[in-house]
Amino acid sequence: MRLTLRAFAALLGYPSADLQAHASEVADAIRSEGALPRADLRRLQPLLDRLATEELLDQQSTYSELFDRSRSLSLHLFEHVHGDSRERGQAMIDLGQQYIQSGFFLEASELPDFVPVFLEYVSCLPVAEARETLGQPAHVYAALAERLDKRGSDYAAIFHGLVALAGVRLDAEAVAQVDGNTPAVDAPIDDEWEEAPVSFSAGSAHEMGGPTGVVAKIRASNRPVAREAGQ
């Protein structure tokens with residue numbers, strides 16, 4: 001599951017020349033691991049094909065229209081869980097502290113609930129812990145998948161895949177609550193939420209090392225995850 005989560009994190013990042021050049025490697029990583037059910041792999045193929053062949057500026061425009069300019073499709077998990085309530089700030093602090101306690105430190109000025117950040121973190125956990133952690137916001141993945149489906153967006157496949165990887169039974173009430181926390185129609189996201197590139201420094205918990213970029217993240221997933229003594 002580690003390779004697939006790393007690949008999903010890359011695919012949900014802002015489209016880049018690096019991602020486009022290595023889209024086939026990302027696709028190969030997902031297929032080779034075999035963690036994603038066949039139906040979800042088939043659903044994902046149109047996105048993989050488009051990212052490999054479409055003009056980069058068109059990819060970036062599509063991404064921005066979806067994720068940068070619509071709060072209903074925000075890639076920040078707590079936008080959908082807590083909305084604008086006070087609990088959101090504390091949840092952000094708690095999640096950031098969870099990363100630190102596991103030996104992971106954000107190197108960029110990015111919020112810890114940004115989905116690609118969260119997926120990279122989960123990908124470095126032991127399998128059982130990773131699946132349990134991935135499943136916690138499964139109702140958010142389901143809501144985003146439904147909204148993207150309604151728009152006819154191929155990005156929906158990633159969120160359907162996350163639901164499948166989490167392997168949890170969805171709570172219809174929790175999914176409905178997501179709709180209550182975020183607007184059903186598009187609303188602009190403030191400039192402060194603009195996404196920035198992100199990478200992890202994992203100390204003793206996970207050694208990224210080597211070159212940076214999409215391929216490096218996928219390759220790093222093949223390395224054993226070192227755990228601190230007593231963990």
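Of all residues in the range 33-61, those being assigned to a loop (DSSP other than H, G, I, E, B) and either touching a residue at least 24 places away in the same chain (Cβ under 8 Å) or within 13 Å of Thr4 (Cα to Cα) (or both) number 4. Among the conditions (1) crowded, with 20+ Cβ neighbours inside 10 Å; (2) within 16 Å of the chain's Cα centre (by Cα), the only one that Ala23 does not satisfy is (2). If we keep just the residues of the range 142-172 that are within 11 Å of Leu73 (Cβ to Cβ) and assigned to a loop (DSSP other than H, G, I, E, B), which is least open to solvent (accessible area, probe 1.4 Å)? By that ranking, first place goes to Tyr155. Screening Ile93, Ile30 for residues that are assigned to a helix (DSSP H, G or I) and within 18 Å of Ala157 (Cβ to Cβ) leaves exactly one candidate, Ile30.
I need a count of the residues in the range 120-141 that are assigned to a helix (DSSP H, G or I) and either without any contact (Cβ under 8 Å) to a residue 24 or more places away in the chain or touching a Phe, Trp or Tyr at 6+ places or on another chain (Cβ under 7 Å) (or both).
Going through the range 120-141 one residue at a time, the tally reaches 7.
Checked against the criterion of being among the charged types (D, E, K, R) and open to solvent by less than 20 Å² (accessible area, probe 1.4 Å), the range 116-129 has at least one qualifying residue.
So that you can scan it fast, the table gives a plain yes or no per residue for (1) surrounded by fewer than 15 Cβ atoms within 10 Å (Cβ to Cβ); (2) polar (S, T, N, Q); (3) closer than 25 Å to Ala166 by Cα:
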residue	(1), (2), (3)
Leu41	no, no, yes
Leu47	no, no, yes
Leu56	yes, no, no
Phe67	no, no, yes
Arg71	no, no, yes
Phe78	no, no, yes
Gln90	yes, yes, yes
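I'd like to know if the range 19-28 contains one or more residues that are without any contact (Cβ under 8 Å) to a residue 24 or more places away in the chain and at positive phi. No, the range 19-28 contains no residue that is without any contact (Cβ under 8 Å) to a residue 24 or more places away in the chain and at positive phi.
The values are calculated or read from the model by the stated rules, or taken from the named source; none is laboratory data. Bear in mind that the values here come from a model prediction, so they are computed numbers and not experimental data. Please note: Cβ atoms are built from the backbone with ideal geometry, for glycine as well, and neighbour counts cover all protein chains shown. All accessible areas refer to the heavy atoms of the entire protein, side chains included, with ligands and DNA or RNA removed. Shrake-Rupley method; radii C 1.70, N 1.55, O 1.52, S 1.80 Å.
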